[in-house]
């Protein structure tokens with residue numbers, strides 16, 4: 001079996017990333033509100049429009065994208081102690097079912113957090129599914145009573 005390579009995504013891999021996001025929603029019983037082609041087009045357009053703020057990461061085995069994550073970089077209001085501030089939010093971490101439990105998610109998260117450090121981000125957040133909490137704790141995330149969440153989507 002060939003080795004997994006985790007790295008920042010190339011532009012041509014954005015369609016594969018969109019396909020993983022589609023698969024993830026369907027796998028969890030979700031019903032897409034748009035066609036698959038329209039969804040893929042929307043992800044490609046989003047990635048192009050947000051190249052400076054949303055970094056895409058992929059896990060690749062034999063030229064096939066088997067995992068992904070996004071790091072959204074968010075500017076923060078200046079502080080008297082630091083006028084140029086930013087934080088990050090990890091989004092859409094997913095590994096295909098047949099590749100799970102091989103630390104691919106952990107390797108993806110290590111790459112994401114390395115990028116966050118390179119960018120000088122103050123902190124990084126993640127909204128986890130119950131199944132992935134252990135992954136994030138293993139990679140350095142901790143729960144905080146200071147982070148509050150208002151859910152307007154009603155999920």
Which pairs have Cβ atoms under 8 Å, sit 6 or more apart or on different chains, and link a residue in the stretch 127-143 that is on the phi < 0 side of the Ramachandran plot and surrounded by fewer than 16 Cβ atoms within 10 Å (Cβ to Cβ) to one that is assigned to a loop (DSSP other than H, G, I, E, B) and modelled with pLDDT under 95?
-> 127/149
Tell me, please, whether a residue that is loosely packed, with under 15 Cβ neighbours inside 10 Å, touching a residue at least 40 places away in the same chain (Cβ under 8 Å) and in contact with a helix residue (DSSP H, G or I) (Cβ under 9 Å, 6 or more places away or on another chain) can be found in the stretch 75-91.
-> no
Condition test on residue 93, is it within 22 Å of residue 43 (Cα to Cα) and in a helix (DSSP H, G or I)?
-> no
Quick count over the stretch 110-141, residues being under 17 Å from residue 8 (Cβ atoms), in a helix (DSSP H, G or I) and in contact with a helix residue (DSSP H, G or I) (Cβ under 7 Å, 6 or more places away or on another chain), is 0
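The values are calculated or read from the model by the stated rules, or taken from the named source; none is laboratory data. These numbers come from a predicted model, not from an experiment. In this analysis, Cβ positions are derived from the backbone assuming ideal geometry, glycine residues included, and neighbour counts consider all displayed protein chains.
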